Amino acid sequence: MDERVFSISTPIPPDNEFVTYRPSLSLQDSALFEKANEVKALNVHWTFRSGLLRQVAGVAELKVHLYPAHENEIKSSADLRAELLSAFKRELVKVGYTGGPVQFYRVVINGRTWLTYEVPVIGVREFAIAVSDTRYLTVQLAYIDNTREKPAAWRKEAAELMEKVIGSIRVD
């Protein structure tokens, strides 16, 4: 990302079938956002199997997106929070979001402060950080359960993996 570098590592490799990524993105290239309001930078998943037939119990998915700021420059966590709320109102109205409250938390990952929150209506966990005054990055975690178990046994293993993956994120 121009002068910035985003990296992430995994203790176990993701499944190869559906890996998509962009090796580089320019933060200055507005043309990236002409067709869509986001650029998918990375999409990977891990399959968790169980039982004698090793059927798929569930999937953990990680997505990284780059977004343009629409409202103001992003100079602080408060600016990023305002930008995210604006994006929720603009994009999630399509799936029933009415502007309700969103709980944001600050977390430090490898020396950088990120915001973490649950995306309204969709219910997935995201982490967000400004990568320039006009661009921000999100890392989204989703779990897809095939077992109907409460709680699903594979989910603990998936959550432990995702915790390690999130802990490895670097933005330099």
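The values are calculated or read from the model by the stated rules, or taken from the named source; none is laboratory data. No experiment lies behind these values; they were computed from the predicted model shown. Note: ideal-geometry Cβ built from the backbone for every residue, glycine included; neighbour counts use all protein chains shown. Side chains are part of the model used for accessible areas, which takes the heavy atoms of the whole protein and leaves out ligands, DNA and RNA. Shrake-Rupley method; radii C 1.70, N 1.55, O 1.52, S 1.80 Å.
Can you give the Rg to Rh ratio of region 30-168, both from alpha-carbon atoms, with Rh computed by the Kirkwood formula? It would help to have the intermediate numbers written out before the result.
Numbers: Rg = 16.6 Å, Rh = 16.4 Å.
So for region 30-168, dividing Rg by the Kirkwood Rh gives 1.01.
Beyond 19 Å, the tail of the calculated P(r) for region 45-114 holds 58 percent of the Cα pairs.
Helices in the chain, meaning DSSP H runs of at least 4 residues, each add -39500 (n - 2.57). Divided by all residues, the mean residue ellipticity at 222 nm is -6000 deg cm²/dmol. The alpha carbon convex hull volume per residue for region 1-75 rounds to 142 Å³. Residues in region 115-123 carry Karplus couplings, in order, of 9, 10, 6, 9, 5, x, 6, 6, x Hz; the curve used is 6.51 cos²θ - 1.76 cosθ + 1.60 with θ = phi - 60°, and Gly or Pro positions show x.
In percent, what relative contact order does the chain have, based on Cα pairs under 8 Å that are 6 or more apart in sequence?
Working: 295 pairs, mean separation 47.0, N = 172.
Relative contact order here is 27 percent.
For the chain, the longest piece that avoids every one of the GluC sites (Glu not before Pro) found in DSSP loops with at most 10 other C-beta atoms within 10 Å covers 35-172.
Using only Cα atoms, find the angle between the long axis of helix 77-91 and the longest principal axis of the chain, and express it within 0 to 90 degrees, rounded to the nearest 10. Once rounded, one gets 70 degrees. Determine the distance separating the Cα centre of region 105-147 from the Cα centre of region 59-84; give it in Å without decimals. Computed from Cα coordinates, the inter-centre distance equals 8 Å.
Which value, in debye to the nearest 20, describes the size of the charge dipole of the chain about its Cα centre when Lys and Arg Cβ atoms bear +1, Asp and Glu Cβ atoms bear -1, and nothing else is charged?
Details: 22 positive and 22 negative charges, 96 e Å.
Approximately 460 debye in magnitude.
So, with a 1.4 angstrom probe, what is the percent of accessible area on the chain that is carbon and sulfur? Exposed carbon and sulfur together represent 49 percent of the surface. The lysines within cross-link reach of LYS63, meaning a Cα-to-Cα straight distance under 17 Å and a gap of 8 or more places when in the same chain, are LYS40, LYS164.
Shape of region 89-172 from the C-alpha gyration tensor: oblate (a/c of 1.5 or more and a/b not above b/c, with a ≥ b ≥ c the square roots of its eigenvalues).
Note on exposure: TYR21, TYR67 ranked by accessible area (1.4 Å probe, complete protein assembly) read TYR21, TYR67, with the most exposed listed first. Amide H contacts of ALA41 (H built 1.01 Å from N, in plane; Pro and chain starts excluded): VAL64, HIS65, LEU66 sit under 5 Å, all sequence-distant by 5 or more or on other chains.
Accessible surface computed residue by residue for the chain, with neighbouring protein chains in place and a 1.4 Å probe, gives 58 Å² per residue.
Going by accessible surface with a 1.4 Å probe and the largest first, ARG148, ARG90 read ARG148, ARG90.
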